[in-house]
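Right, one structure below, let's go through it.
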Ligand SMILES: *Cc1c(COP(=O)(O)O)cnc(C)c1O
């Protein structure tokens, strides 16, 4: 496969950006070769600048639940484009997207739009601290919540891949306000509350941790977190930047039927444009400025183009059977993968929850915590990734990243992908 133009663009980028990229995992540090530069996407396919075509399972890291350039989103953007791109003042598009979300979600009564998942989680933490008047937060090893200072403590994928446990530039005093505990470990959580009972503002977690492999939690553990928050007055924050509008319209909260106190959204909510959001009860949200003392603002928040794209995408997600169909397709896909792994004597396992899937490079069942993933099992991923690219399938460039199936992936695309993934694995491992 010829990737000459991608390679040239990458060489140029090195003169412009740290590591040649605007987000670290894109640099292909954990896989072989240099980054692929994309030119266009349609449905489940993306084309690079050299004209190579890929079945795309990265889907921009999750936002593209309808695939690339879905007609409703493109149309909505074309319609709004000529009216101006931003006013820094209220527009009706904000109301429309908020109404659609709040009318179809039992877990939040008020919402605030921001421009990224990082902003959403950062603001949710500030809200929890403002509301409770407490300082500390509990986060879990292997959960990623964006790159705000307090949350960049032993975070997931990019960091796990690069083998650093936290970022330079975060004062110890900030990191010291974050208590990091292992997932699926009730004792560790209970102990943290014993030690800091009166000063824990919140627990934040990805209810389905999907940034460090796919670490499916027991429902029982999630209920435990809910209970301990109720008992201690701490708030439970579900970071649903990946799972929101992905596991179902109500995200993981609806999927597990557990009511968090604050929820954060990103990725799917913006229809491929930069949108994040956080929401809660009317009472808790009344703490946010201008109603309350917790400050949070944004020049481009609620931007009309982003709102229109989100509205178009989420309206499609509400159509009858949308999530059932996605989940069924994805489950069939992982089943076919597992059968194929077996018949090729490959010790791998494909798992999925809804349309999120992960290829675990071991046959181990029920991996629930980050430390249970053997880093050595990832050694082969870098080579496999390149072999798979050469066959025309694009996965996120790290073995710790999950993949996403979109509405645009047909059963044919998925069967074709099963063959290519197994071929690439056999080529890599034998
Ligand atoms: C992607 C992600 C974020 C950060 O969102 P950005 O839009 O990249 O800032 C936060 N939390 C989770 C769970 C994510 O997957």
Please go through (1) in a helix (DSSP H, G or I); (2) closer than 30 Å to residue 399 by Cα for residue 345 and return the number of the only condition it doesn't satisfy.
(1)
Only residues that are within 10 Å of the ligand (Cβ to nearest atom) and assigned to a loop (DSSP other than H, G, I, E, B): list them for region 247-282, please.
266, 274, 275
Subset tally (residues that are in contact with a helix residue (DSSP H, G or I) (Cβ under 9 Å, 6 or more places away or on another chain) and part of a helix (DSSP H, G or I)) for region 221-246:
8
Can you work out which of the residues in region 363-395 that are in contact with a strand residue (DSSP E or B) (Cβ under 7 Å, 6 or more places away or on another chain) and in a loop (DSSP other than H, G, I, E, B) is surrounded by the most Cβ atoms within 10 Å (Cβ to Cβ)?
395
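Quick grid of which residues meet (1) closer than 19 Å to residue 381 by Cβ; (2) touching a residue at least 24 places away in the same chain (Cβ under 8 Å); (3) touching a helix residue (DSSP H, G or I) at 6+ places or on another chain (Cβ under 8 Å):
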| site | (1), (2), (3) |
| --- | --- |
| 13 | no, no, yes |
| 20 | no, no, yes |
| 36 | yes, yes, yes |
| 43 | no, yes, no |
| 50 | no, yes, yes |
| 55 | yes, yes, yes |
Could you tell me which residue of region 128-142 is farthest from the ligand (Cβ to nearest atom), considering only residues that are part of a loop (DSSP other than H, G, I, E, B) and modelled with pLDDT of 95 or more?
133
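Working carefully through the options 125, 108, find the one that is closer than 28 Å to residue 297 by Cα, within 16 Å of the ligand (Cβ to nearest atom), outside any strand (DSSP E or B) and under 21 Å from the mean Cα position of the chain (by Cα).
Values: 108 fails: within 16 Å of the ligand (Cβ to nearest atom).
Of the residues listed, the single one that is closer than 28 Å to residue 297 by Cα, within 16 Å of the ligand (Cβ to nearest atom), outside any strand (DSSP E or B) and under 21 Å from the mean Cα position of the chain (by Cα) is 125.
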Check off (1) farther than 25 Å from residue 292 by Cβ; (2) more than 16 Å from the ligand (Cβ to nearest atom) for residue 64 and give me the number that stays unchecked.
(2)
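Residues 148, 76, 120: which one is in contact (Cβ under 8 Å) with a residue 40 or more places away in the chain and within 20 Å of the chain's Cα centre (by Cα)?
Values: 148 fails: in contact (Cβ under 8 Å) with a residue 40 or more places away in the chain; 76 fails: within 20 Å of the chain's Cα centre (by Cα).
Going through 148, 76, 120 in turn, the sole match is 120.
If you check residue 308 against the conditions, is it within 17 Å of the chain's Cα centre (by Cα) and either at pLDDT 95 or above or more than 13 Å from the ligand (Cβ to nearest atom) (or both)? First the steps, then the outcome.
Details: within 17 Å of the chain's Cα centre (by Cα): no; either at pLDDT 95 or above or more than 13 Å from the ligand (Cβ to nearest atom) (or both): yes.
Here the answer is no, as residue 308 does not meet what is asked.
Quick check: anything in region 14-25 more than 16 Å from the ligand (Cβ to nearest atom), assigned to a loop (DSSP other than H, G, I, E, B) and under 17 Å from residue 392 (Cα atoms)? Spell out how you get there, then give the answer.
First, the residues of region 14-25 that are more than 16 Å from the ligand (Cβ to nearest atom): 14-20.
Going one step further and asking which of them are assigned to a loop (DSSP other than H, G, I, E, B), we end up with 14-17.
Adding the requirement that they be under 17 Å from residue 392 (Cα atoms) leaves none.
No, the conditions are met nowhere in region 14-25.
The values are calculated or read from the model by the stated rules, or taken from the named source; none is laboratory data. If you're wondering where the values come from, they're calculated on a predicted model, not measured in any experiment. Here the Cβ is made from the backbone with ideal geometry for all residues, glycine too, and neighbour counts use every protein chain on show.
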